[in-house]
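Bear in mind that the values in this text are calculations on the coordinates, not laboratory data. Remember, it's a predicted structure, so these values are computed and weren't measured experimentally. Every residue, glycine as well, gets a Cβ built from its backbone with ideal geometry; the counts of neighbours run over all protein chains shown.
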Amino acid sequence: MHFEDVRQWQGTADDLARELKRQIEQLGLSVEPPSVRTVRLWRSKQLLSQPKGQEFKFRQILEGLATAVLLKRGWTLAAIGQVLPSFSDTDLERQIIAESDGQDSTWATVIQTNSLPLPVGHRHALDLAEDAAMLLAQGIIRQYNRVLPGQEIVRQDDSMPPELYRAMCKLGRLYIEEGLADSAACVHTILERSRYPLSSEEWNLKIFRQTEFPFSGVTLIEPDLRVPTSDCSVIANKSGAFGEDNVIEHRLYSQLREATERLGARRKHKAYTAVRKLVGKYSLIGERQLLDYLIENDLTPLQRTVVDFFDRVSDTWLIEGFVHRCTHCGTLMRPHPNKNRFPDGCCPIRQCYSHNSGQLCEKLNPDGLLIAKPQILTFWTGPAIDELAIFEAAQQKGLNAELYPESDLCDISINNRAIGIDAKSYTSPVTLALRLNRRIGGLAHYRRRIIAISDRLIEENPNYLSSLRSTLDKKGDPATLEVLSVTSVIELIKSM
């Protein structure tokens with residue numbers, strides 16, 4: 001197969017020039033191999049997405065070959081720089097191999113003029129397989145901790161860890177999508193199978209044997225000792241927290257970071273901020289509006305990644321045939337069982353002031369409307385209500401403010417590294433304090449460090465701020481944090 005010997009390749013500009021020459025000859029491409037000087041030029045033009053200070057890798061081999069081919073076709077460097085980040089490694093391989101085989105390869109940008117393609121096919125299956133493996137690892141850890149004291153046994157009932165149950169559902173879907181019988185319905189069978197590598201015949205899933213699947217050779221349970229492997233522990237904790245929503249949010253976040261990295265150092269931070277602002281302000285959006293936003297913010301190379309953050313509005317969420325948009329946050333309101341109290345539906349965003357009041361903004365025709373995935377709404381859209389309020393207050397004051405600076409070093413920065421602000425909406429002040437006691441994240445890079453707590457949380461729990469402050473460590477980075485309400489932070493900004 002093509003490229004199998006270079007998937008783990010890395011090297012310098014000199015090495016890349018030599019490898020490109022070898023690949024061009026091996027593939028029989030009728031293009032001129034680039035010199036070392038040309039490779040450095042391509043890097044300076046952001047055609048090669050090598051992160052600063054790191055060696056070139058397999059991705060840059062593909063980008064180099066694609067650049068050489070497209071230049072031969074008459075493309076400008078600027079046009080190539082626009083289109084390359086929109087192609088995954090698999091897409092680039094397919095296009096280059098088509099060129100090598102003399103087939104008609106269409107190097108068109110992914111931007112569409114009429115509609116947005118929702119994720120399907122191979123990428124969808126890989127995402128499903130990765131989520132299933134991470135949830136399975138989490139479920140195994142949870143189940144092991146339950147049976148370890150010797151008082152419980154593995155039961156296939158409501159006591160099963162939810163991560164294990166959701167993993168089995170996703171595995172069953174993978175079997176069915178490969179045209180096989182669902183052999184993931186029994187928890188005992190799944191745990192027994194976990195003693196073998198995921199790529200083995202015992203699992204019998206082609207997707208687990210794909211080179212793009214990151215956990216292909218992993219065994220989750222020690223074959224003889226019947227305990228979770230170290231690989232299992234690492235995979236279980238990969239998303240930072242257990243549960244399906246955390247696993248999916250971690251995947252979407254990783255895909256966004258990887259996609260923006262391919263844009264190069266000068267564009268990646270701006271693109272990251274634009275995408276996060278999109279899902280914060282426009283979680284319910286029409287296809288045409290989304291396309292316009294991508295074009296206006298120079299995000300067309302990220303279209304495939306961004307579209308994966310959205311689903312089409314389901315008929316389940318319609319109220320008398322219409323989509324209802326929330327007055328306060330602009331998201332999709334859901335039908336509520338209590339129709340007397342919520343005749344127009346209820347906003348699902350916990351941080352939204354309309355969450356318990358059901359204020360209607362407008363009724364929309366559902367045709368062509370997209371809604372952010374539940375995990376995006378939970379982890380990005382909800383928190384963005386406070387983040388955007390603080391950022392907009394700083395802008396109105398004329399301050400040098402930045403939203404999600406340096407790809408989320410903090411939520412809002414003011415005067416570069418002078419002030420860093422993170423808005424938090426943890427329902428438990430103790431849970432938040434324990435997390436901050438472990439690490440304060442990117443706030444460590446700022447001279448003044450502020451934690452902004454949602455006003456709604458303080459309304460519901462008047463002791464929230466005092467509980468948080470008392471639980472934070474009194475030394476180290478946690479002791480440097482200022483804990484304020486969002487309203488207090490905005491008043492502070494107005495006084496600057």
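A few notes on this one:
- DSSP beta bridges fully contained in the chain are about 65 percent antiparallel.
- The label point for residue 185 and the one for residue 435, both projected 7 Å from the Cα toward the Cβ, are 3.9 nm apart.
- Ranked by how many other beta carbons lie within 10 Å on average, peptides 412-425, 258-271 from highest: 412-425, 258-271
- Take the Cα radius of gyration of the chain and divide it by 2.2 N^0.38 Å, N being the number of residues; the result is 1.07.
- Between residue 30 and residue 55, the FRET efficiency estimated from the beta carbon spacing at R0 = 35 angstrom works out to 0.75.
- Extension gain, residue 155 to residue 341, is 62.9 nm, computed as 0.36 nm per intervening residue step minus the present C-alpha separation.
- Our coupling estimate for the stretch 194-202, obtained by passing each phi through the Karplus curve with A = 6.51, B = -1.76, C = 1.60 and θ = phi - 60°, is 5, 7, 10, x, 4, 7, 7, 5, 4 Hz, Gly and Pro reported as x.
- Viscosity 1.306 mPa s, temperature 10 °C, Stokes-Einstein D of the stretch 302-354 from Kirkwood C-alpha radius, µm²/s: 129 µm²/s
- Quotient of Cα Rg and 2.2 N^0.38 Å for the stretch 339-490, N being how many residues it contains: 1.15
- Computed E for residue 463/residue 147 - FRET, C-beta separation, R0 25 angstrom, nearest 0.05: 0.05
- Based on the reciprocal of the average 1/r between different C-alpha atoms, the Kirkwood radius for the stretch 266-307 equals 10.3 Å.
- More than 22 Å apart - percent of Cα-Cα pairs taken over the stretch 421-496: 17 percent
- Pairwise label distance in nanometres, residue 233 with residue 12, each label 7 Å out on the Cα-Cβ vector: 4.0 nm
- Modelled label positions at residue 91 and residue 5, each set 7 Å beyond Cα in the direction of Cβ, lie 2.9 nm from each other.
- For the chain: relative contact order, % (alpha-carbon pairs under 8 angstrom, 6 or more apart): 10 percent
- Pairwise centroid distance, computed over Cα atoms, of the stretch 120-159 with the stretch 278-336, Å: 31 Å
- Note on the stretch 193-275: Cα-Cα pairs beyond 23 Å make up 41% of the total pair count.
- In terms of its C-alpha gyration tensor, the stretch 4-100 comes out rounded, because the ratio a/c of the largest to the smallest axis stays below 1.5.
- Relative contact order of the stretch 355-496, taken over Cα pairs closer than 8 Å and 6 or more residues apart, is 21 percent.
- Where a label projected 7 Å from the Cα of residue 479 along Cα→Cβ would reach, residues of the stretch 399-437 with amide N under 20 Å: 433-437
- Full-extension gain in nm, residue 212 to residue 406, via 0.36 nm per residue minus C-alpha separation: 67.0 nm
- The calculated FRET efficiency for residue 169 paired with residue 365, based on their beta-carbon distance and R0 = 22 Å, is about 0.10.
- Cβ-based exposure ranking for 250, 324, 2, in which fewest neighbours within 10 Å come first: 2, 250, 324
- Stretching residue 128 away from residue 78 to a fully extended chain increases their span by 14.5 nm, per 0.36 nm per residue minus the current alpha-carbon distance.
- Residues 232, 361, 346, arranged from fewest to most other Cβ atoms within 10 angstrom of their Cβ, appear as 361, 346, 232.
- Annotation: for a label point projected 7 angstrom from Cα along Cα→Cβ of residue 270, residues of the stretch 296-332 with backbone N closer than 17 Å are 296-303.
- When each of the peptides 55-61, 129-135 is scored by how many other beta carbons lie within 10 Å of its residues on average, the order from highest to lowest is 129-135, 55-61.
- Across all directions, the shadow cast by the convex hull of the stretch 265-376 built on its C-alpha atoms averages 7.3 square nanometres.
- Counting beta carbons within 10 Å around each of 293, 196 and listing the fewest first gives the order 196, 293.
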